[in-house]
């Protein structure tokens, strides 16, 4: 809806409809909206940030209400992921090009919007919430993600060229050739017509790419999800104009009735959409029915389809644990403990999606492991947290509740041999294979030693 609204306001109702249609079929969004949920959410916030910025520009809302909503959207985007900062220049660029900053009380209400952003994020960044993950600010906690300032000052052309090649590979893999060609046609319109709408959309598309190109020391294709909506809007507008160009160029149609021209333009649009989206739809269908054979980037194939981060084996492991839990509860009278590592992602967190709130399962975040190599603490009691993301409330429970517990082994560099050496009472119980035959979802079971009775 947000993309349709932007296309309708900047170009035409037809362009808005085409943008929504292309968004649904574009392999980049089709793939990552289902796999990279956080990046997809940042992209959605970016769409609505632009939408509300144009509401302010076109005076569809008052300045106070407009900046309040815009501040909430930007604050929520930053709260979702720090890479949302790459979208923050968009509203100022829009306001500058439309001279909105010259309006009375613009800066006062803009300051209120900035205050909303700070109010939503400072408690998390400075105080630390009861719910959260450590090291979430890449600039502070992940300096290895970025090229060092000393290296940047030396103009690392080789690194920049490598980044450019990787970005091109990512975009070519998911944008398909027809979509890319129409996007290039939109670039022609930018240089011939100099419309502000195209300038904003090209800035939206190119600015995050350039920043990643210059400062990133490694990145993934999902990082570019936030700027693909801009490319989709440009493609939709170009298709709308190309259909009009076809009607004007064909002399027979140029002198026909308005009704005939409208029918011809609808036919031209349908033909263009078929040509532009045929390859995209074919890739979408391959991702649905034959993901292991879909022609996607090799890194994403390893990450999301063949590797440990893929969903293969996750549902099977969850179903197995659910069945075990029902039998365990009938025998023991309390839920089956399933221990989890603190590292997010598949396979442990994928399994817990299916087991969340299961009455026969008690999820136990093992926040002490592997810093403490013993998975079962040596004390008589242990601290139980609601999840790996919750630091409170904390409950003290008897250590005996962990007897016969399952442990979902994480995707980690911690060797399984070392784990078994430090925890001899755990044994491999079940494995659920990934597409890569060397990888699997591994479930380890706790087998407590029998208590020796005194003679």
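The values are calculated or read from the model by the stated rules, or taken from the named source; none is laboratory data. No experiment lies behind these values; they were computed from the predicted model shown. Neighbour counts are summed over all protein chains in view; Cβ atoms, including those assigned to glycine, are modelled from backbone coordinates with ideal geometry.
Hey, does the stretch 323-341 have a residue that's at positive phi and in contact with a strand residue (DSSP E or B) (Cβ under 7 Å, 6 or more places away or on another chain)? No.
Selection within the stretch 394-410: residues that are modelled with pLDDT under 90 and surrounded by 17 or more Cβ atoms within 10 Å (Cβ to Cβ). The member of this set that is nearest to residue 332 (Cα to Cα) is 401. Scanning the stretch 365-402 for residues that are closer than 19 Å to residue 416 by Cα and within 29 Å of the chain's Cα centre (by Cα) turns up 365, 366, 367, 368, 369, 370.
Select from the stretch 18-75 the residues that are within 18 Å of residue 237 (Cβ to Cβ) and part of a loop (DSSP other than H, G, I, E, B) and list them in ascending order. Within the stretch 18-75, 26, 58 qualify.
Quick grid of which residues meet (1) surrounded by fewer than 18 Cβ atoms within 10 Å (Cβ to Cβ); (2) outside the structural domain of residue 402 (by TED's automatic domain parsing); (3) part of a strand (DSSP E or B):
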residue: 305; (1), (2), (3): no, yes, no
residue: 321; (1), (2), (3): no, no, no
residue: 329; (1), (2), (3): yes, no, no
residue: 334; (1), (2), (3): yes, no, no
residue: 382; (1), (2), (3): no, no, yes
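For the stretch 285-307, does any single residue satisfy the condition of being within 30 Å of residue 51 (Cα to Cα) and touching a residue at least 12 places away in the same chain (Cβ under 8 Å)? The answer is no; no qualifying residue exists.
Would a scan of the stretch 261-268 turn up a residue that is surrounded by 19 or more Cβ atoms within 10 Å (Cβ to Cβ), modelled with pLDDT of 85 or more and either in contact with a helix residue (DSSP H, G or I) (Cβ under 8 Å, 6 or more places away or on another chain) or more than 22 Å from residue 178 (Cα to Cα) (or both)? The answer is no; no qualifying residue exists. When the stretch 342-380 is filtered for residues that are out of contact with any helix residue (DSSP H, G or I) (no Cβ under 8 Å at 6 or more places or on another chain), crowded, with 19+ Cβ neighbours inside 10 Å and outside any helix (DSSP H, G or I), the ones remaining, listed by number, are 365, 366, 369. Evaluate the following for residue 61: is it out of contact with any strand residue (DSSP E or B) (no Cβ under 6 Å at 6 or more places or on another chain), free of Cβ contacts under 8 Å to residues at least 40 places away in the same chain and within 16 Å of residue 112 (Cβ to Cβ)? Answer is yes for this residue.
Among the numbered conditions (1) in contact with a strand residue (DSSP E or B) (Cβ under 9 Å, 6 or more places away or on another chain); (2) at pLDDT 95 or above, the only one that residue 91 does not meet is (1). From the list 187, 201, 179, the one residue that fits, being surrounded by fewer than 17 Cβ atoms within 10 Å (Cβ to Cβ) and part of a helix (DSSP H, G or I), is 187.
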